[in-house]
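*Asks:* Got a structure here, written out as structure tokens. Questions coming.
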There are 2 protein chains.
Amino acid sequence: MLSKEEISFLVKGFTHNDIPDYQMSAFLMACCFKPLNFQETLHLTHAMLHSGKTFDFSDIPFKKIDKHSTGGVGDKTSLILAPIVACYDVAVPMISGRGLGHTGGTVDKLESIPGFKMNLSFEEFQHHLKTLHFAMMGQTKDIAPADARMYALRDVTATVECIPLIAASIMSKKLAEGIDSLVLDVKFGCGAFMQKLKDAIELAKWLVKIGKSCGKKTIALVTDMNQPLGNKIGNSLEIEETIEVLKGQGPKDLIDLSLTLSGAMLTLGGISRSVKEGIALSQKVIRTGQALQKFKELIKQQGGDERVIESFSYLPSAKYTFEFLAPKAGFLTKINAWHIGKAASILGCGRETVTDVIDPSVGFILHKKVGAKVQKNDTLLTVCYNDEKKCAASMAELTQAFEIAPKKPHLTPLIQKILGKL
Amino acid sequence: MLSKEEISFLVKGFTHNDIPDYQMSAFLMACCFKPLNFQETLHLTHAMLHSGKTFDFSDIPFKKIDKHSTGGVGDKTSLILAPIVACYDVAVPMISGRGLGHTGGTVDKLESIPGFKMNLSFEEFQHHLKTLHFAMMGQTKDIAPADARMYALRDVTATVECIPLIAASIMSKKLAEGIDSLVLDVKFGCGAFMQKLKDAIELAKWLVKIGKSCGKKTIALVTDMNQPLGNKIGNSLEIEETIEVLKGQGPKDLIDLSLTLSGAMLTLGGISRSVKEGIALSQKVIRTGQALQKFKELIKQQGGDERVIESFSYLPSAKYTFEFLAPKAGFLTKINAWHIGKAASILGCGRETVTDVIDPSVGFILHKKVGAKVQKNDTLLTVCYNDEKKCAASMAELTQAFEIAPKKPHLTPLIQKILGKL
């Protein structure tokens, strides 16, 4: 059992370069084999959280609530729920990462809006929070710097997959944002970091317990990431779909998850008495156009071209399209999110390494989701591409992604579990 | 399961600074939790062995045999057996380490002989081997450099205690010496690296198996290191006791172990048909004075003052002595080698860190061993010291080292097991 002082000594020493990388990597590897217990993980979270700057928004007279997702293919819920929730008397200080892996992160998606600026100063961020009730910025080096450096070591020493380390990493960054409450979307399935439902539940439990121990109301949804979320995948395409949902359109799975998350946030913020009521309040601000207006104001405030709200022609779009057809008739039993994500990365939506440049305009549009009946040569997906070679290279992944069978598959709920007290 | 290529890539890359310390320390920590299997350990031994220079003594027309001990308090057997074995047609290319921990290593002991030079060139070492049949030198940076660097990392990342890593470390250095056969003394008990007999047996099995797989005849003795070996502890004091044994005197436990080891070496070298016969041949060269003469020649060849053979007054000696008395009558049931070693280190016999300077003249002379009947105020041990404060500081350890009880203790054999085929 490591004491609070020992863990703090390690993290502080590592952050200040007094403790070398080889010590930290040995510690991280030991953690993978003999996981930290809850108390140690809590100490680690605190130590990482206090390795850098922490925000204090106590002068903003609303509950500060954020949402974090462990990441998935086609997941643009943050972009949808933030303007919805911001229509009410809560504040959403959202600090997001760039994408590494299959698809872009929230930062990359927003940056596909011409002019949109993510690197806000603390003062700008605070100002937007006060005036708009929400603000979005990219992860900075000031926030939990120990986490960034520890993650870089974990990434190269095969020590990523360890629940206490994952939990401490997520929570240290989120707690540094000066929030009162947190809603987590912990994904499982082939397109998620956690492949198995039981591991996702386990991680969700740790996250909720850490949040609670730090005096923050925390709830976690455990959700299915076996097929992509929504129909559009790619940076500007996901901005399109965000706007569609805020206009009251868009695919059901994406609406359901986004509104359950916003409903939970409104409940934690004391605006609604239940998630159900929170969902109704969310639907209301979509119906009235307030949520869309909020999003438009965000774009304007952060220097983006607000005309994208009216016409997608102001968003970057790919030069060519290619229709990916069903090879046979039957029921769509699988759209493997991992293969779709890989194909998206090949196409240019994401980064394989930090130095890769993202193409904001490329991506996929799904025309069918799991459970749909398809005829031979029905369009399953449209590839939006600029580079023919990349399009061709993505085919190997796409052909592996779809499964068609004669029998209609059993459909499982998108939201499998909600953990934590509202 | 790691392949030969993977392990070789890691060790080679690490040796050439292409693979950073943090990767190696993560690997070493993983090895502690998920130990390498035998095949992997063999690959690791090979990779470490070939990380530097290997010796080739194929032009010396004798079997090249070495002995290695995992280290203990009062263990000067190498100094005794090497000149004994060298009286016959075998060659002993002995490369030893400096001591780190309680007492000095073989190198430190020999260096207590005024003028004795341990840093031989390869040519000098080879020349001594040809003319004297044995030579002693200190570990150099050329031999298995990967081991030195890996050990340094293990030392600071709590990854020392892992049998496959220990086995690869020992064998890589010994196999680099160009030997045909190897006799190992694997110690267990409170004064040894391995506390438990079963762990020492396990390590001995690994060592023998690696040696055999590399085409070297290897045998291992598993021996008791609960009380110090012999009666003298300290660098010049151990040279004294070495000379005493080579003169046919000295304590029984030290003679028994030294001659069993030399007997085993002579048997592996094809000189004797059994260890028993090897012991008899060893006794013979002590009786005739040949072994003592060999040791004298070694001292002369390596620049030392050979008059130490005739009179210990040529060896450095401590200024003061202090008699440590029995606090009560009874039987001596324990002389805790760990506490004696610690006391020796405090006195100046060993190093706590690599930069500590050893005092060659200080140490202890034991007057009683476990099982002896003692009267109150009998001298148990003489402290030979130069610095009164250090002498006083060593008392705390000495008082914990001795146990006296009314009943005669059950004595267990010094040599518990011999593993490997002769």
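Throughout, read-outs are computed from the coordinates displayed, never taken from laboratory work. Source: prediction; values computed, not measured. Here the Cβ positions follow ideal geometry from the backbone for every residue, glycine too, while neighbour counts run over all protein chains shown.
*Asks:* Give the angle, between 0 and 90 degrees and rounded to the nearest 10, that separates the Cα long axis of helix A:290-301 from the longest principal axis of the Cα atoms of chain A.
*Replies:* 70 degrees
*Asks:* What's the angle, to the nearest 10 degrees (0 to 90), between helix B:197-213's Cα axis and the longest principal axis of chain B?
*Replies:* Once rounded, the angle reads 40 degrees.
*Asks:* Of all the C-alpha pairs in segment A:258-335, what % are more than 14 Å from each other?
*Replies:* So the portion of pairs separated by more than 14 Å is 74 percent.
*Asks:* Within straight cross-link reach of B:Lys369, meaning Cα distance under 19 Å, which aspartates and glutamates are found once same-chain residues fewer than 8 apart are removed?
*Replies:* Partners found: B:Asp75, B:Asp224, B:Glu238, B:Glu240, B:Glu241, B:Glu244, B:Asp253, B:Asp256, B:Glu323, B:Asp378, B:Glu397, B:Glu403.
*Asks:* In whole Å, what is the distance between the alpha-carbon centres of segment B:31-92 and segment A:1-18?
*Replies:* 40 Å
*Asks:* With a ≥ b ≥ c the root eigenvalues of the C-alpha gyration tensor of segment B:29-108, is it rounded (a/c under 1.5), prolate (a/b larger than b/c) or oblate? The partial results should precede the final answer.
*Replies:* On the way: a/c = 2.48, a/b = 1.30, b/c = 1.90.
It is oblate, given that a/c is not under 1.5 and a/b is not larger than b/c.
*Asks:* Something else now. Could you list, bin by bin from short to long, the percent of Cα-Cα pairs of segment A:63-310 in 5 Å steps?
*Replies:* 1, 7, 14, 19, 22, 19, 12, 5, 1, 0, 0
*Asks:* Ranked by Cβ crowding within 10 angstrom, fewest neighbours first, how are B:Met171, B:Met1 ordered?
*Replies:* Placing the least packed residue first, the sequence is B:Met1, B:Met171.
*Asks:* A:Gly248: net charge of surrounding residues, Cβ under 12 Å, Lys/Arg +1, Asp/Glu -1, itself excluded?
*Replies:* Here the count lands on +2.
*Asks:* Roughly what % of Cα-Cα distances in segment B:317-405 sit above 24 Å, to the whole percent?
*Replies:* That fraction is 18 percent.
*Asks:* Here is a follow-up. How far is helix A:235-246 tilted, in degrees, relative to the longest principal axis of the Cα atoms in chain A, given as a value from 0 to 90 rounded to the nearest 10?
*Replies:* Relative to chain A, helix A:235-246 is tipped by roughly 90 degrees.
*Asks:* List every residue whose amide H lies under 5 Å from the amide H of A:Val370, counting only residues 5 or more places away in sequence or on a different chain, with H placed 1.01 Å from N in the peptide plane.
*Replies:* none
*Asks:* Neighbouring Cβ atoms within 10 Å as the yardstick, rank A:Lys12, A:Lys407 fewest first. List each step's numbers first, then the result.
*Replies:* Working: A:Lys12 15, A:Lys407 8.
Ordered by Cβ neighbours within 10 Å, fewest first: A:Lys407, A:Lys12.
*Asks:* A further question on this structure: Give B:Lys174/B:Lys232; A:Lys109/A:Lys141; A:Lys212/A:Lys232; B:Lys63/B:Lys368; B:Lys67/B:Lys198 a once-over and call out the pairs whose C-alpha atoms are over 32 Å from each other.
*Replies:* A:Lys212/A:Lys232; B:Lys63/B:Lys368
*Asks:* If we hang a label 7 Å off Cα along the beta carbon direction at A:Glu352, how far is it from the matching labels on the other copies, in nm, shortest first?
*Replies:* From this label point to the equivalent ones elsewhere in the assembly: 5.3 nm.
*Asks:* Roughly what % antiparallel, to the nearest 5, for the DSSP beta bridges in chain B?
*Replies:* Within chain B, antiparallel bridges account for around 50 percent of the total.
*Asks:* Just to confirm the filter: which trypsin sites (Lys or Arg not before Pro) across segment A:251-290 are DSSP coil and have at most 16 other Cβ within 10 angstrom of their Cβ? Before the final figure, lay out the partial values.
*Replies:* Working: sites: A:Lys252, A:Arg273, A:Lys276, A:Lys284, A:Arg287; in loops: A:Arg273.
Sparse-neighbourhood loop trypsin sites (Lys or Arg not before Pro): A:Arg273.
*Asks:* Can you put B:Arg98, B:Arg154 in order of Cβ neighbours within 10 angstrom, beginning with the fewest? Display every interim value, and only then the final one.
*Replies:* Details: B:Arg98 17, B:Arg154 24.
In order of increasing Cβ crowding within 10 Å: B:Arg98, B:Arg154.
*Asks:* Moving on. Per DSSP H run of n ≥ 4, the term is -39500 (n - 2.57); total these for chain A, divide by its residue number, and report the mean residue ellipticity at 222 nm rounded to 500 deg cm²/dmol.
*Replies:* -13500 deg cm²/dmol
*Asks:* When DSSP beta bridges are limited to those with both residues in the protein assembly as shown, what percentage is antiparallel, rounded to the nearest 5?
*Replies:* Taking every DSSP beta bridge within the protein assembly as shown, about 50 percent pair in antiparallel fashion.
*Asks:* Using alpha carbons only, how many angstrom separate the centre of segment A:264-306 from the centre of segment B:231-271?
*Replies:* Computed from Cα coordinates, the inter-centre distance equals 86 Å.
*Asks:* Sticking with this one: Would you please report the Å³ per residue occupied by the convex hull of the alpha carbon atoms in chain A?
*Replies:* Value for chain A: 135 Å³ per residue.
*Asks:* Using the Cα centre as the reference, give the magnitude of the dipole from point charges on the C-beta atoms of the protein assembly as shown (Lys, Arg: +1; Asp, Glu: -1; all else neutral), rounded to the nearest 20 debye.
*Replies:* That gives the protein assembly as shown a dipole magnitude of about 2440 debye.
*Asks:* While we're looking at this one, here's another question. So if I take the centroid of the Cα atoms in segment B:359-422 and the same for segment B:113-142, what is the distance between those two points in Å?
*Replies:* Segment B:359-422 and segment B:113-142 have Cα centres separated by 33 Å.
*Asks:* Cα gyration tensor of segment B:4-49, axes a ≥ b ≥ c as square roots of the eigenvalues: rounded (a/c below 1.5), prolate (a/b > b/c) or oblate?
*Replies:* Oblate is the answer for segment B:4-49, as a/c is 1.5 or above yet b/c matches or exceeds a/b.
*Asks:* Just tell me the longest site-free run in chain A, where the sites are GluC sites (Glu not before Pro) in a DSSP loop having at most 14 other beta-carbon atoms within 10 Å. If you can, show how the numbers build up before the last one.
*Replies:* Values: sites that count: A:Glu161, A:Glu310, A:Glu352.
Counting only loop sites that pass the neighbour cut-off, the longest clear stretch is A:1-160.
*Asks:* May I ask for the equivalent-ellipsoid semi-axes of the protein assembly as shown, computed as the square root of five times each C-alpha gyration tensor eigenvalue and listed largest first in whole Å?
*Replies:* 72, 30, 22
*Asks:* From the backbone phi of segment A:217-234, what are the Karplus-calculated ³J(HN,Hα) couplings (6.51 cos²θ - 1.76 cosθ + 1.60, θ = phi - 60°) in whole Hz, Gly and Pro given as x?
*Replies:* 5, 9, 10, 10, 9, 10, 10, 6, 10, 7, 10, x, 8, x, 10, 10, 10, x
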